[in-house]
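Here, each number is a calculation from the coordinates, and none is a lab measurement. Keep in mind the model is a prediction, meaning the values are calculated, not measured. Heads up, the Cβs are rebuilt from the backbone with ideal geometry, glycines too, and the neighbour counts pull from every protein chain shown.
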Amino acid sequence: MKKCVKCGLDENYTGITFDDKDVCNYCNFYEKHKVEINDEKSLELKFQEKIKRAKELASKNGAKYDCLVGFSGGKDSTYIIYQLKNIYNMRVLAFTFNNGFSTQYGKDNIENALSKLNVDHITFSMDDLKLRKQYSMCVKMMKNFCSVCFHNMHYYSYLFAYQNKIPMIVNGRTIGQILQCAEDTDRIEPFETSMNLKDFEHQMFKGLEERTEKSGKIEYLKEIDHIEAVSYFAYHKVSEEETMKFLEEKIGWKRPKGVSGHADCWAHAMAEYLSIQKHGHPIRKGELAVLIRQGDMTIEEAEKILEKDRENFQEVSMETKEKFYNRIQV
Ligand SMILES: [Zn+2]
């Protein structure tokens, strides 16, 4: 099987092409833009400009909050809320989308974080039948359901931000998640941010958002076109370990125990299982390739992590499967 000589991604990876030296399109894009992606000083300035603009707009709009942050209770969103509030003096509204997949560990982390972060918080649950229909459709068509949580989390973030005149939404996508399929700068941070839901989802879905909109199955809040979506980690280089240590010290955050870093979602094993079935690789393959390009990891180290994921997730227990299909059943 053909593999990229720089990052190790193989020919089965989504959207991959190779040049005559067997280097993939994603490595070539990264190579061309690596100075801009890693220039921490100018990224910080860029970020501060966005913060300043959001504060001015919020004040002009008479909004109670400067930004809305999707809050899962995981380390990334918790870290971002802490930074926005305490370093950037933002008035933050934390927003949790309740999808029915959260674990006791996740719930405890949310409760602990909220008792220390001192921000307003809302939890939102959508029409459960509608949600089940979306999960079932996506599992059937794409062997994927994380995209449903992602879409609804951001759909309702946009709706709430709009209703409360909040000019900015900050999210906790990692640089690996942002760049894993980046081959041009169009609507990709830190090059370009998006001002509406559909453009923001381009960063995740790479054109699939156009097709789902045309099919009429997914709605994109077309009238809302002036709220900036900002990924904190596109402007700040912080490792997973640094994030966790920081939170342990500052707010007594608890590390997840067990095999995966997604201990706040009980269906994560199922998502990995479906990814291996469909793509032949665990979910984080593309994210690790970004770390390889950045020189933070070798191909061998990434392969070891993926091998462990494969061992853990190529089969899931009957119990988990039953629980999952019960949850999404219409
Ligand atoms: Zn590559």
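With 32 Å as the limit on Cα-Cα distance, the pairs of Lys165/Lys237; Lys52/Lys250; Lys46/Lys107; Lys41/Lys250 that go past it are Lys46/Lys107.
Note on Thr174, Thr14: ascending count of other Cβ atoms within 10 Å places them as Thr14, Thr174, the fewest first.
Extension gain for the segment Ser125 to Glu213, taken as residue separation times 0.36 nm less the Cα-Cα distance, is 29.4 nm to one decimal. Classification of the stretch 211-330 by its C-alpha gyration tensor yields a rounded form. The axis ratio a/c (a ≥ b ≥ c) stays under 1.5. A cut-off under 10 angstrom between Cβ atoms defines the neighbours of Tyr82, and their net charge, with Lys, Arg +1 and Asp, Glu -1, is +3. Put in line by how crowded their Cβ is, counting other Cβ atoms within 10 Å and starting with the fewest, Trp266, Trp253 read Trp266, Trp253.
If R0 equals 30 Å, the separation of the Cβ atoms of Asn86 and Glu241 corresponds to a calculated FRET efficiency of about 0.90. Here's the list of lysines a cross-link from Lys321 could span, going by alpha-carbon distance under 18 Å and ignoring same-chain residues fewer than 8 apart: Lys133, Lys140, Lys143, Lys278.
Of all DSSP beta bridges confined to the stretch 39-240, the antiparallel ones make up roughly 5%. About its Cα centre, the stretch 39-240 has a charge dipole of approximately 440 debye under the convention of +1 per Lys or Arg Cβ and -1 per Asp or Glu Cβ, with nothing else charged. Take the Cα of Asp39, step 7 Å along the line toward its Cβ, and report every residue of the stretch 224-253 whose backbone nitrogen sits under 17 Å from that point. Once the point is set 7 Å along Cα→Cβ of Asp39, 234-237 turn out to lie under 17 Å by backbone N, inside the stretch 224-253. Toward the positive end of the charge dipole of the stretch 183-287, with +1 on the Cβ of Lys and Arg and -1 on the Cβ of Asp and Glu, the farthest Cα among Ala263, Ile218, Thr243 is that of Ala263. When His268, His121 are sorted by how many other C-beta atoms sit within 10 angstrom of their C-beta, beginning with the fewest, the order is His121, His268.
Computed from the alpha carbon positions, the gyration tensor of the chain leads to an equivalent ellipsoid with semi-axes of 29, 25, 21 Å, biggest first. Each Lys or Arg adds one and each Asp or Glu subtracts one; over the other residues with Cβ under 15 Å from the Cβ of Lys60, this totals +3.
Taking a ≥ b ≥ c as the square roots of the eigenvalues of the alpha-carbon gyration tensor, the stretch 42-176 is classed prolate because a/c is 1.5 or more and a/b outweighs b/c. Each peptide among 218-231, 306-319, 75-88, 44-57 gets the average number of other Cβ atoms lying within 10 Å of its residues, and from highest to lowest they stand as 75-88, 218-231, 44-57, 306-319. Positive end of the charge dipole of the chain (Lys, Arg +1 and Asp, Glu -1 on Cβ, about the Cα centre): tell me which of Thr320, Ser275, Leu159 has its Cα farthest that way. Most positive-ward Cα: Leu159.
Between the stretch 233-295 and the stretch 30-83, what's the alpha-carbon centroid distance in Å? What the calculation gives is 21 Å, centre to centre. Projected label points at Lys60 and Lys323, each 7 Å from Cα along the beta carbon direction, are separated by 4.9 nanometres.
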